[in-house]
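Engineer: This is the structure, below, for whatever I ask next.
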Amino acid sequence: MNLTFRTIPEHRDIERVREIIESTKFFYDHEVEIASELVAERYNDGESTGYYFVFAELDGITVAYSCFGPIIMSTTSFDLYWIATHNDYRGKGIGKRVLEETCKMAQAMGCAILIAETSGLPHYEPTRAFYVSNNFDLEAKLKDFYTMGDDKLFYTKRIG
């Protein structure tokens with residue numbers, strides 16, 4: 001597998017991120033829009049946005065990505081806003097490699113704690129298992145955060 005990484009968004013990533021997010025069948029339409037908008041914002045406005053990316057390409061096709069950045073008011077913590085692999089490429093270890101690259105990049109930028117938030121709904125079990133298998137700890141749960149019966153879970157990974 002000839003997987004390569006890049007960190008600077010290109011115009012084509014705006015639509016490709018939309019395709020990646022839609023392929024997972026995990027997210028609401030408004031979430032798909034937000035993921036795409038973050039890429040567009042970074043593409044147009046640069047690092048001043050505070051959004052950083054890792055794009056994984058397989059034979060020239062972007063198949064996975066992450067979006068992360070420092071948390072204002074913290075000297076040690078970054079948010080992992082998005083990490084997703086196109087459904088056609090899941091189960092091949094690509095997400096793990098994207099996460100490893102993300103952690104290296106975030107640590108080089110001063111991150112000691114990477115925070116990922118996700119839903120407590122049953123269909124997010126693969127997401128939660130991904131975090132646990134990559135040494136994240138469940139730190140907190142906000143019951144009924146998204147809607148009644150849908151908790152918000154906070155996972156953290158110490159990288160620095």
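Engineer: Among the residues of segment 128-138, are any modelled with pLDDT under 95 and either in a strand (DSSP E or B) or among the small types (G, A, S) (or both)?
Structural biologist: Checked against the condition, which is being modelled with pLDDT under 95 and either in a strand (DSSP E or B) or among the small types (G, A, S) (or both), segment 128-138 yields no hits at all.
Engineer: Checking the condition surrounded by 19 or more Cβ atoms within 10 Å (Cβ to Cβ), among the hydrophobic types (A, V, I, L, M, F, W, C), more than 13 Å from the chain's Cα centre (by Cα) and modelled with pLDDT of 95 or more, which residue from C103, C111 passes?
Structural biologist: So the residue among C103, C111 that is surrounded by 19 or more Cβ atoms within 10 Å (Cβ to Cβ), among the hydrophobic types (A, V, I, L, M, F, W, C), more than 13 Å from the chain's Cα centre (by Cα) and modelled with pLDDT of 95 or more is C111.
Engineer: Here's something else I'd like to know. Filter segment 25-62 down to the residues that are within 18 Å of T127 (Cβ to Cβ) and touching a strand residue (DSSP E or B) at 6+ places or on another chain (Cβ under 6 Å) and list them by number.
Structural biologist: Residues satisfying the conditions are A35, V54, A56.
Engineer: With G95, G160, G110 as the choices, which residue is within 23 Å of V39 (Cα to Cα), in contact with a helix residue (DSSP H, G or I) (Cβ under 8 Å, 6 or more places away or on another chain) and not in a strand (DSSP E or B)?
Structural biologist: G95
Engineer: If you check every pair at least six apart or on different chains, which have Cβ atoms under 9 Å apart with a residue in segment 28-56 that is farther than 23 Å from C103 by Cβ and touching a residue at least 24 places away in the same chain (Cβ under 8 Å) first and a residue that is of a type in the set (A, V, I, L, M, F, W, C) and in a loop (DSSP other than H, G, I, E, B) second?
Structural biologist: Y43/I8
Engineer: So which residues in segment 63-94 are at pLDDT below 95 and in contact with a strand residue (DSSP E or B) (Cβ under 7 Å, 6 or more places away or on another chain), if there are any at all?
Structural biologist: none
Engineer: Sticking with this one: Could you grab the pairs with beta carbons closer than 8 Å, sequence gap of 6+ or different chains, first residue in segment 78-97 and touching a residue at least 24 places away in the same chain (Cβ under 8 Å) and closer than 14 Å to T156 by Cα, second one part of a loop (DSSP other than H, G, I, E, B) and not aliphatic (A, V, I, L, M)?
Structural biologist: Here the result reads F78/C111; Y81/Y51, each pair linking segment 78-97 to a residue that is part of a loop (DSSP other than H, G, I, E, B) and not aliphatic (A, V, I, L, M).
Engineer: For segment 31-55, how many residues are closer than 14 Å to E19 by Cβ and in a strand (DSSP E or B)?
Structural biologist: Within segment 31-55, residues that are closer than 14 Å to E19 by Cβ and in a strand (DSSP E or B) number 1.
Engineer: Select, from E57, E41, E31, the only residue that is of a type in the set (D, E), surrounded by 15 or more Cβ atoms within 10 Å (Cβ to Cβ) and closer than 20 Å to D79 by Cα.
Structural biologist: It is E41.
The values are calculated or read from the model by the stated rules, or taken from the named source; none is laboratory data. What you are looking at is a predicted structure, and each value in this text was computed from that prediction instead of being measured. Every residue, glycine among them, receives a Cβ derived from its backbone with ideal geometry; neighbour counts consider all protein chains shown.
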